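Comments concern the structure below.
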Amino acid sequence: MDISRIDLNLLRVLHRLLQDRHVSQAALALGLSQPAVSNALRRLRQLLGDELLVRTGAGMRPTPYAERLAQPIAQALSLIDGALRAEPAFDPALSERRFTIAMSDVGEIYFLPVLMRALAQAAPRVTLRTVSTAGSALGQGMATGQIDLALGSLPTLQAGFYQQGLFHQTYVCLMRRAHPATLNAWSRAAFLALDHVHVEAPGTGHGQLDTELARKGLQRRIRLAVPNYVALGHVLSSTDLVATVPERFAERVVAPLDLLVRPLPVRIARTGIHQFWHASTHRDRAHRWLRALIAATFGDNAATAPVNPAA
C-alpha cells in the first residue's frame, strides 16, 4: 500500500469510527456530516481493500484487519498531534541561549544598560548580541532567524513582521550647560540662529525631524553632520553646537556629560518606538519571554499587532 495515497483526515475518521463504532456519533465528534463520514469510510475501503467496519445489530464491528490498524493509527495520530502542540521548554534562569537584537546606536545607549541589568537578574546565563538596524539586510536577517528582535522606529519592516509599541517620545534640544544660548530667551528664532549638529541615523524613522521642519519652511544651520550618536554628547560638551535628539537619549547623557536640555520650540509629531519580530518566531517560547521582558522593562503600552495584517 502506497502511504502517499492516504489522506491524514481519512485516518482521523477511521480512528474515530473504531472508537465509536457508529457513523452518527463519529460525525458528531469530528464536526462532520454523516454523509462525509460515510464517504470517508467508502474511500478507505477502496484504498485498503478491506471492509474495515461491518454493520451489525449493535452498531459497527471492525474487521480483523481494522483491529490490527487501530493501535498503530491511534499512536501515530497522537504523536503527530503532540508534535504540533509541543513547544520546547524555556527556563530563563537556566538557559544559555544567545539572542541577537538589532538596534541603532542611540538604542544601544538607551536600552542596553537597563536591559543587561534585567537579564542579569532574570536570566544570568543568557547572552546578548547587538547588530545595527541600518542597511537592507535587516528584514532578511530576521526572516532567517539570524536576528531575533529589532528595537526602534523602523518603517522599513512591513509585511511578515509583528510589532509591539513600547513608548512614544518627542525631540528635545541638547547643549552644554554653559552654552551662551542659556543667557537669552529660548524661542524658535533663537533655536534657528544656533549652529547645529545633524545626526543622519540611516535606517531609522528619526529623519522625520527634517521632514517636519521642511514642511514648516524652517531650516537649521548645520555645522556638523554625523552618521550616528556615538560621539554626539562629547562634541556638544566641548563646543557651542546644539543637537536635536530623542528625549530618552537625552536622559542618558545629560548627567554624565553635564549637558542641558531645552524643549524643541517647534511642534512635531511624537515618534513611536517598537519592538519588531518576524512571524516565524511569533510563538517561540524563548522569544515570547524576551519580548515580555522588554515590554515590562521599557513599555508604556504593550499592544501587539502584525505590521501588515493582510500580509
- Query: Taking A178 and the conditions (1) surrounded by fewer than 21 Cβ atoms within 10 Å (Cβ to Cβ); (2) at pLDDT below 95; (3) of a type outside the set (S, T, Y); (4) farther than 19 Å from V253 by Cα, which numbered condition does it fall short on, given that it satisfies the others?
  - Reply: (4)
- Message: Suppose the filter is at negative phi and modelled with pLDDT under 90; does A137 pass it?
- Response: yes
- Residues (touching a Ser or Thr at 6+ places or on another chain (Cβ under 8 Å) and surrounded by fewer than 15 Cβ atoms within 10 Å (Cβ to Cβ)) located in the stretch 228-285: D258, P265, R270
- Residues of the stretch 258-283 being in a loop (DSSP other than H, G, I, E, B) and among the aliphatic types (A, V, I, L, M), which ones? L264, V266, I268, A269
- Query: Among the listed residues T56, T63, which satisfies the condition of being surrounded by 11 or more Cβ atoms within 10 Å (Cβ to Cβ) and among the hydroxyl-bearing types (S, T, Y)?
  - Reply: T63
- Message: Between A143, A201, which is surrounded by fewer than 21 Cβ atoms within 10 Å (Cβ to Cβ) and of a type in the set (G, A, S)?
- Response: A143
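This table checks each residue for (1) farther than 19 Å from H168 by Cα; (2) in contact (Cβ under 8 Å) with a residue 60 or more places away in the chain.
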| position | (1), (2) |
| --- | --- |
| A190 | yes, yes |
| V197 | yes, no |
| A201 | no, yes |
| K216 | yes, no |
| Q219 | yes, no |
| A225 | yes, no |
| L232 | yes, no |
| S238 | yes, yes |
| P246 | no, yes |
- Task: Residues being small (G, A, S) and part of a strand (DSSP E or B): count how many of those fall in the stretch 147-162.
- Result: 2
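The values are calculated or read from the model by the stated rules, or taken from the named source; none is laboratory data. On a predicted model such as this, the values are computed, not experimentally measured, just so you know. Because the Cβ atoms are built from the backbone with ideal geometry, glycine has one as well, and the counts that use them run over all protein chains shown.
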